[in-house]
Amino acid sequence: MKTLIGILLSFSLVMAMGCAHQTPVYTRNENCKLVGFKPGLEPQGFNGIKWETPLLTLNEMKAYRKESSHGGIDFYLRRGDGYKLKDGKLLPIQYGFWRGKFYVGLVMTEQASDWEALKESVFEKFGVGAKPFTNQEEYLWIGKDAIMALRYDGLLRMGTYYIRSHSMEKQMN
């Protein structure tokens with residue numbers, strides 16, 4: 001009997017803890033229309049680095065982190081570099097390389113004020129992107145060879161902005 005009660009208590013705790021860490025459910029935006037880049041504004045890279053540029057040809061890059069998805073993406077920071085917000089604050093730019101070639105540029109925020117400033121900056125340059133979910137602050141732009149996203153995670157209070165090469169992504173699959 002004690003064993004059965006122990007199992008039931010353990011199961012209850014697992015269920016209660018599992019429910020506390022649920023993945024949010026996104027509600028599709030039925031009115032969402034695909035958004036591309038304004039003519040002549042589709043990025044051919046990120047912050048002056050063109051897609052597929054070999055890492056070995058770039059100066060001042062410092063290894064930052066590795067991600068195992070897509071067969072391994074190595075992220076680097078470039079000394080003295082950053083995404084400049086209107087208030088002058090610099091956010092670190094992470095440059096992602098797949099098999100030694102530039103694939104993605106990434107900027108992350110950790111404060112709501114930085115997120116708002118980043119969003120305003122991106123909207124000002126590229127216009128408002130498609131909003132695929134009604135209950136999620138996420139915006140997408142799809143171009144001929146660039147995919148761009150801007151999203152905010154309210155639970156983590158973290159914003160993410162990235163531009164990646166569509167042609168390289170095809171190579172990765």
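The values are calculated or read from the model by the stated rules, or taken from the named source; none is laboratory data. Here the structure is a predicted model, which is why all the values come from computation and not from measurement. For neighbour counting, all protein chains shown are included, and Cβ atoms are generated from backbone atoms with ideal geometry for every residue, glycine included.
Here are a few things to note about the model shown:
- Filter result for Gly100 (of a type in the set (Gly, Ala, Ser), under 23 Å from His166 (Cβ atoms) and touching a residue at least 60 places away in the same chain (Cβ under 8 Å)): no
- Residue check, Arg164 in contact (Cβ under 8 Å) with a residue 60 or more places away in the chain and either assigned to a strand (DSSP E or B) or in contact with a helix residue (DSSP H, G or I) (Cβ under 8 Å, 6 or more places away or on another chain) (or both): yes
- Options Glu137, Glu124; residue that is without any contact (Cβ under 8 Å) to a residue 24 or more places away in the chain, under 28 Å from Thr53 (Cβ atoms) and among the acidic types (Asp, Glu): Glu124
- Flag if Asn59 is closer than 20 Å to Glu137 by Cβ, over 18 Å from the mean Cα position of the chain (by Cα) and either polar (S, T, N, Q) or at pLDDT 85 or above (or both): no
- For the condition under 19 Å from Pro43 (Cβ atoms), in contact with a Leu (Cβ under 6 Å, 6 or more places away or on another chain) and either of a type in the set (A, V, I, L, M, F, W, C) or at pLDDT 90 or above (or both), Tyr139 qualifies.
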